[in-house]
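Here is the structure we will look at.
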Amino acid sequence: MKQMRANTKLQNAYLAFLFFLMYLPVAIVILFSFNESKLYVSFSGFSLVWYEKLFRDSAMMEALKNSLILGILSCAVSAVIGTLGAVSLSALKLRSKGVLEYIAILPLMVPEIILGMVLMAFFYMLKLPFGMLTLLIGHTVFCVPYILVEVKASLALMDPSLTEAARDLGASSWRAFLDITLPLVMPAVASGSLLAFAMSMDDVVISIFINGPRISTLPIKVYTQIKTGVTPEINALCTIMLAVSLTALAVFSIFRSHKKEENRDEEQIDRASEPDQEL
Amino acid sequence: MKNKLIELRNLTKNFDDQQVLKGISLDIYENEFLTLLGPSGCGKTTTLRIIAGFEEPSDGQVLFNGIEISKVPPYKREVNTVFQKYALFPHLNVADNIAFGLNLKKVEKSVISQKVERMLKMVGLSGFENRDVTLLSGGQQQRVAIARALVNEPKVLLLDEPLGALDAKIRKQMQLELKKIQREVGITFVYVTHDQEEALSMSDAVVVMNNGEIQQIGTPTDIYNEPENRFVASFIGESNIIEGHMIRDYLVEFDDFQFECVDKGFEDNEEVEVVLRPEDLDIVEPEHAKITGVVRDITFKGVHYEIMIETEKRMYNVHTTDYAPVGKKIGLLFGPEDIHVMCKMGAY
């Protein structure tokens, strides 16, 4: 008994150490973003000076604007493509369905650097001018799978007789999709889009191949500035970005757990109310 | 005679290499409660889905009022379906679920709400308009599903094991209610079930299916009292099935004894199978009967005892209100009308 308790203590200590190591750098970045001094040696006093400087940095703000536009647009385009793709994939009755599903999420598995190079070569071949358009296409390529996977999972849970019931009641396939399928997969579309947005917002590797000389996104800006030395301004930016992506993640997981809870509630009510007393 | 509403002509259906329907021909009449009865995998649900339009037959015809409809999509057919798991739309409330079909037809709002109200009253859910369908009990969900289908005033209502997911008590209640609703709206119900008791108690006509083929079509009493083959006899109710042969019309021999019976039309000395329903057999003192045996087991079933009697040739199952202790020697008594002779079939 004692042996076991000692063991769990050791385990806890190990876990604590692990988390400490993992999050120490992040904590330092956050801490020093509020540092008065420009030096990393010591924390000389609390200040928001670096945040102020950041917001005055017009190049940085321009990059932020680009990133936001890019994230929202690529998310919207991918939401349409991914949702329709998931619906048609799940309606397929082919034997090669598994292979197709695998191909559909391949962009998640291909190393980013290869995807970036391939896209660059492809756009070059097409003679597309590098800029917002190429960035948008590139980001859509890797955003679609996130939404597709989420929507496909939610469709798999959906009772197939729901769309049959709609068609039976007089709805064409298209109406059944609009009135029944779409509202029911909407939470999955939303959570998938949120994830895709987060991915778009912090992509460097693919973007750097296809952004062209004039357009910069926020992550690219950070990356290029760091080469000239880390300033506390970057710390401030990282802190903000961290806060934003954590918020997105939180919203995403609230969406998820809310869905799960709803399911659990339904089951409980089903069981509880089954001899039917109101008859 | 009533009018034919649906005619199925020699329907076949293949899924991959498997043939699930092997030539189904069936007439369904107006105002009829017709049940497709059979074990799972017999093709009853596939037949229903072909009538609804969810499946296309591989071969054969579906006629609706004399017009071929097997290529018509489900949303253009004058039939509606009640699904096994209700298939209510979880994002719509009770009233919106029921109004779904009417909304698609662009019926006026005030007419819709009137019709919805009337339907809810019929299924006993008045005042449930704004309830969340996912919070209803199974029985209530099924009522909403029935209302949602019937509000469109279809010519035929298709029901795919609609009571399968309910527990025994509510199922009984819903059986009575479905029958009442069918009489009230006066349309054809095509009902799919594997529950023989349900089929017998609700239907005007029962279609017994097995292995993608129709075994027998008849009224519940026909199916029970005059099963056409061993499969029907053993699937519907309990029975003692004995091999024997017809000596001549009205005389059958089995278990080495000859018995008078009411069956005719067989060839002399034709090999046949004889059905004796357990409740048609009586136990008497051995000297009063031809077949005698020993009680091997007796189980109290509430209304009657189930007695297993071992004779020289076989085990007989008898349902009777008389008691006989295990080990007692007794005789089996039955009259000519209790014997039902069927053609012999190889496959079962």
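Percent of Cα-Cα pairs more than 21 Å apart in region B:10-136, please. Value for region B:10-136 (Cα pairs over 21 Å): 54 percent.
Annotation: the antiparallel percentage among DSSP beta bridges lying fully within chain B is about 75. Express in whole angstrom the spacing between the alpha-carbon centres of region B:1-46 and region B:140-187. One Cα centre to the other: 20 Å. Every Cα-Cα pair of region B:154-270 was included, and the share exceeding 23 Å stands at 45 percent.
Compute, for the protein assembly as shown, the length of the dipole vector about the Cα centre, with Cβ point charges of +1 (Lys, Arg) and -1 (Asp, Glu) only. Units Debye, rounded to 20. Write down the numbers at each step before the final one.
Details: 61 positive and 78 negative charges, 908 e Å.
It comes to approximately 4360 debye.
Shielding value for B:130-141 is 4, the average number of Cβ atoms from other chains within 10 Å of each residue's Cβ.
Just how far, in whole angstrom, is region A:115-178 from region A:3-39 if you go by their alpha carbon centroids? About 40 Å separates the Cα centre of region A:3-39 from the one of region A:115-178. Contact order, relative form, for region B:238-343: 31 percent (alpha carbon pairs under 8 Å, 6 or more residues apart, mean separation divided by residue count).
Kirkwood analysis of region A:36-156, using all unique Cα-Cα pairs, places the hydrodynamic radius at 17.6 Å.
Kindly point out which whole DSSP H helices in chain A project their C-alpha atoms 15 angstrom or further along the helix axis while averaging a Kyte-Doolittle hydropathy of -1.0 or above. Intermediate results must be reported in sequence, preceding the final value.
Working: long enough: A:2-33 (45 Å, 0.95); A:58-91 (49 Å, 1.42); A:112-126 (21 Å, 2.17); A:132-157 (37 Å, 1.67); A:182-201 (27 Å, 1.67); A:232-272 (58 Å, -0.10).
Membrane-span-like by this criterion, though nothing is claimed about a membrane: A:2-33, A:58-91, A:112-126, A:132-157, A:182-201, A:232-272.
On the beta carbon distance between B:Glu213 and B:Glu267, with R0 = 25 Å, the FRET formula returns roughly 0.55. Calculate the FRET efficiency for B:Glu153 and B:Glu238 from the Cβ-Cβ distance with a Förster distance of 56 Å, rounded to the nearest 0.05. It comes to 0.85. Relative to the Cα centre, the charge distribution of region B:238-343, modelled as +1 at Lys and Arg Cβ and -1 at Asp and Glu Cβ, gives a dipole magnitude of about 500 debye. Relative intensity of chain B on a log10 scale, I(q)/I(0) at q = 0.13, 0.14 Å⁻¹, equals -1.02, -1.11, per a Debye sum over C-alpha point scatterers of equal strength in the absence of solvent.
Please tell me which of these pairs span more than 19 angstrom C-alpha to C-alpha: B:Lys155/B:Lys180; B:Lys290/B:Lys329; B:Lys13/B:Lys155?
Values: B:Lys155/B:Lys180 17 Å; B:Lys290/B:Lys329 13 Å; B:Lys13/B:Lys155 25 Å.
Where the Cα-Cα span goes over 19 Å, the pairs concerned are B:Lys13/B:Lys155.
Every pair of different Cα atoms in region B:283-348 enters the Kirkwood calculation, which places the hydrodynamic radius at 12.9 Å.
Using 0.36 nm per residue and subtracting the Cα-Cα separation, the extra length available between A:Met125 and A:Ile28 on full extension is 30.4 nm.
Relative contact order for chain B: what percent, with Cα pairs under 8 Å and sequence separation of 6 or more?
Details: 730 pairs, mean separation 53.2, N = 348.
Relative contact order, chain B: 15 percent.
Potential lengthening of the chain between A:Phe20 and A:Ser172 amounts to 49.0 nm, from the contour at 0.36 nm per residue minus the alpha-carbon distance.
Roughly how many debye, to the nearest 20, is the charge dipole of chain A about its Cα centre, given +1 on each Lys and Arg Cβ, -1 on each Asp and Glu Cβ, and no other charges? Let's see the in-between values first.
Values: 22 positive and 23 negative charges, 238 e Å.
The dipole of chain A has a size of about 1140 debye.
Anisotropy class assigned to region A:1-82 is oblate, per the alpha carbon gyration tensor with a/c at or over the 1.5 cut-off and a/b no larger than b/c. Ranking B:Cys343, B:Gly293, B:Phe266 by Cα position along the charge dipole of region B:238-343, where only Lys, Arg, Asp and Glu carry charges on their C-beta atoms, puts B:Gly293 farthest toward the positive end.
Compactness of region A:63-258 is given as radius of gyration and Dmax, 19.1, 66 Å, from Cα positions.
The alpha carbons of region B:59-193 stretch over 43, 39, 27 Å along the principal axes, in descending order.
The calculated Kirkwood hydrodynamic radius for region A:52-94 is 12.8 Å, given to one decimal from all distinct C-alpha pairs. Averaging the sequence gap over all C-alpha pairs within less than 8 Å and six or more residues apart, then dividing by the number of residues, gives chain A a relative contact order of 27 percent.
The stretch between B:Asn10 and B:Glu312, if pulled fully straight at 0.36 nm per residue, gains 104.2 nm over its current Cα-Cα span.
Cut-off is 10 Å between beta-carbons; in what order do A:Leu178, B:Leu37 appear when sorted fewest neighbours first?
Numbers: A:Leu178 13, B:Leu37 28.
Ordered by Cβ neighbours within 10 Å, fewest first: A:Leu178, B:Leu37.
Taking each DSSP H run with n ≥ 4 as -39500 (n - 2.57) and averaging over every residue of the protein assembly as shown yields -15500 deg cm²/dmol at 222 nm.
Share of antiparallel DSSP beta bridges in the protein assembly as shown, in percent to the nearest 5?
For the protein assembly as shown, the DSSP antiparallel bridge percentage is about 75.
Values in this text are rule-based calculations from the coordinates and carry no lab data. Note that the structure is a prediction, hence the values are computed from the model and not measured. Please note: Cβ atoms are built from the backbone with ideal geometry, for glycine as well, and neighbour counts cover all protein chains shown.
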